[in-house]
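Visitor: Please see the structure below; I have some questions.
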Amino acid sequence: MSEKFDCIVVGAGPAGIACAYEVAKGGGKVLLIERGEYPGSKNVMGGVLYRKMMEDIIPGFYKDAPLERPIAEQRFMMVDKESALTFGYKGLEWMQEPYNNFTVLRAKFDQWFAAKAVEQGALLINETVVLECIVEDGKVIGVKTDRPDGEVYADVVVLADGVNSLLAKSLGFHKEFKPDEVALATMEILKLDRKIIEDRFNLEGDQGCTIEIFGDATKGILGTGFLYTNKDSLSIGVGTLLSGLIKHKIKPYELLEYVKNHPMIRPYIQGSEPQEYLAHLIPEGGYHSMPKVVGHGVIVVGDAAQLVNAIHREGSNLAMTSGRFAAETVLLAKEAEDFSENMLDSYRSKLMNSFVGQDMKKYKDATHHFDKFPQYFDQYIPMVNKAASQMFTVDGSSKWEKQKKIWKGIGGAREKIRFAKDMYRAWRVMK
Ligand SMILES: Cc1cc2nc3c(=O)[nH]c(=O)nc-3n(C[C@H](O)[C@H](O)[C@H](O)COP(=O)(O)OP(=O)(O)OC[C@H]3O[C@@H](n4cnc5c(N)ncnc54)[C@H](O)[C@@H]3O)c2cc1C
């Protein structure tokens with residue numbers, strides 16, 4: 001391995017594959033290095049794949065890619081110990097081309113996507129760990145792998161090695177992430193007959209459904225649970241900030257068991273068989289936790305750059321878009337024969353001016369706010385559920401009386417002021 005490439009991409013997740021695909025398509029010589037047995041073998045996602053950002057790379061990909069179900073319905077469930085307030089949207093327009101989103105199983109999808117990059121001319125090497133970047137006079141000029149004589153050189157190295165990027169850290173781009181900057185998610189894939197899934201989730205044919213679960217699913221800790229329909233399996237999981245797990249002394253697998261046994265969730269998964277158990281970190285520190293993303297001869301993309309919009313459970317689309325922008329920058333730099341930090345900085349500008357940077361800024365204080373004020377999850381959700389129960393229970397009292405009772409249920413003047421302040425603060429961090 002002593003050949004020189006235009007670009008070396010470390011990590012074959014959506015960010016790295018998108019980058020390798022685009023560089024190869026643009027005529028660049030690109031090496032994609034993956035530590036897993038194959039792309040996707042180590043990757044974890046709920047997983048909703050967003051059509052638009054994937055189509056920006058491969059138009060019409062959905063005709064060919066191994067997708068599970070187009071999502072026709074998105075539901076949101078606020079759960080208390082023994083109740084759920086559910087709302088959502090189902091639209092048949094989402095079942096028509098070009099569709100909106102799809103559920104996917106990453107082990108299948110990443111493999112397919114990487115094969116497309118190889119078709120474009122990228123060289124993919126699996127089962128190879130990049131140990132460090134090779135730096136000379138302050139410039140990244142290649143990487144050292146765990147293979148014998150495993151040094152490889154390139155004009156630009158793209159770090160797509162996922163959350164907690166050790167390579168970006170070793171370059172001094174970020175410090176060790178704190179427990180309130182990363183979430184730990186555990187999930188299972190549960191085998192279930194296709195017909196049962198369709199009946200249980202009120203789906204016709206290929207229609208898919210996603211359910212995001214808030215409140216008691218995480219025992220009131222900041223985080224969410226999820227339940228997604230695949231073709232003949234369900235993906236169920238739960239993720240909370242590491243700081244929450246530490247503070248409440250809860251083990252992640254216990255939380256997953258709790259979700260699976262929750263009386264509002266259990267009926268959906270009854271009779272299913274666990275097929276796979278997965279756990280992974282999610283970067284949720286948001287804008288304030290973003291590391292330096294460009295250096296001389298190096299660009300950081302995807303989770304390695306902390307690009308996750310935790311409020312909208314978007315990560316793969318930010319990853320792909322950042323990978324595409326990195327590739328465009330590499331091709332421009334190649335043309336100009338300039339791989340300086342200054343030249344590569346156009347990646348950062350593109351990123352920050354796109355929906356990726358804009359959304360990261362929009363929710364820059366959201367995670368920290370909801371983490372700091374746990375009452376949103378452990379008090380207000382039960383309060384809203386109780387209000388719904390009171391309003392919908394027909395017991396002979398008038399609706400005026402019910403409203404009064406609900407209002408009284410918030411507490412005294414102090415509690416009401418605090419509630420109003422919290423709603424205002426929530427609006428401010430989400431607006
Ligand atoms: C439980 C869960 C549910 C999620 N649900 C959703 C969802 O529904 N929708 C959504 O859009 N996002 C979701 N996300 C987030 C999404 O999975 C990530 O944002 C996305 O995978 C980031 O892509 P990436 O390419 O940056 O990193 P990854 O997908 O993590 O890929 C990094 C790759 O780098 C490889 N690698 C790491 N280090 C090295 C090394 N030193 N040498 C070689 N290879 C290396 C890894 O093996 C891996 O293949 C979810 C995440 C989790 C954990």
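The values are calculated or read from the model by the stated rules, or taken from the named source; none is laboratory data. From a predicted model like this one, the values you see are computed outputs, not experimental measurements. Note that each Cβ is placed from the backbone with ideal geometry, even for glycine, and that neighbours are counted across all protein chains shown. For accessibility, only protein heavy atoms count, side chains too; no ligands or nucleic acids. Shrake-Rupley method; radii C 1.70, N 1.55, O 1.52, S 1.80 Å.
Visitor: Distance between Cα centroids, segment 147-190 to segment 297-335: provide it in whole Å.
Guide: Centre-to-centre distance over Cα atoms comes out at 13 Å.
Visitor: Follow-up. If you count, for each residue, the other Cβ atoms within 10 Å and average over each peptide, how do 396-407, 102-113 line up from highest to lowest?
Guide: Packing proxy ranking, top to bottom: 102-113, 396-407.
Visitor: Taking Cα centroids, how far is segment 125-140 from segment 47-115 in Å?
Guide: Taking the Cα centre of segment 47-115 as reference, the centre of segment 125-140 is 35 Å away.
Visitor: State the antiparallel share, in %, of DSSP beta bridges confined to the chain, rounding to the nearest 5.
Guide: So the antiparallel bridges in the chain amount to around 70 percent.
Visitor: Right, another one. Please tell me the relative contact order of the chain in percent, rounded to the nearest whole number, where contacts are Cα pairs under 8 Å and at least six residues apart.
Guide: Relative contact order for the chain comes out at 20 percent.
Visitor: Also: For the chain, build the charge dipole from Cβ charges (+1 Lys, Arg; -1 Asp, Glu) around the Cα centre, then report which of M187, M54, G27 sits farthest towards its positive end.
Guide: Of M187, M54, G27, it is M187.
Visitor: Can you tell which of V157, T103, V330 lies farthest toward the positive end of the dipole of the chain, using +1 and -1 charges on the Cβ of basic and acidic side chains (Lys, Arg; Asp, Glu)?
Guide: T103
Visitor: Quote the relative contact order of segment 228-347 in percent (integer), defining contacts as alpha-carbon pairs under 8 Å separated by 6+ residues.
Guide: Dividing the mean separation by the residue count of segment 228-347 yields 18 percent.
Visitor: Right, here's the next one. Rounded to the nearest percent, how much of the accessible area of segment 367-430 (1.4 Å probe, protein heavy atoms only) is carbon and sulfur?
Guide: Whole-percent figure for carbon plus sulfur exposure: 63.
Visitor: Any idea of the accessible area per residue across the chain, 1.4 Å probe, to the nearest Å²?
Guide: 46
Visitor: What is the dipole size for segment 182-283, taken about its Cα centre, with +1 at each Lys and Arg Cβ and -1 at each Asp and Glu Cβ, in debye to the nearest 20?
Guide: Dipole of segment 182-283, to the nearest 20 debye: 420 debye.
Visitor: Taking the Cα centre of the chain as origin, work out the dipole magnitude from +1 charges on Lys and Arg Cβ and -1 charges on Asp and Glu Cβ, in debye rounded to 20.
Guide: Dipole magnitude for the chain comes out near 2260 debye.
Visitor: If you don't mind, there's one more thing I want to ask. Are there any GluC sites (Glu not before Pro) in segment 180-288 that are in a DSSP loop and have at most 14 other Cβ atoms within 10 Å? List them by number.
Guide: Loop-located and lightly packed - E204.
Visitor: Taking each full run of DSSP H in the chain as one helix, which ones are at least 20 Å long along their axis (Cα atoms) and have mean Kyte-Doolittle hydropathy of at least -0.5?
Guide: Once both thresholds are applied, what remains is 316-336.
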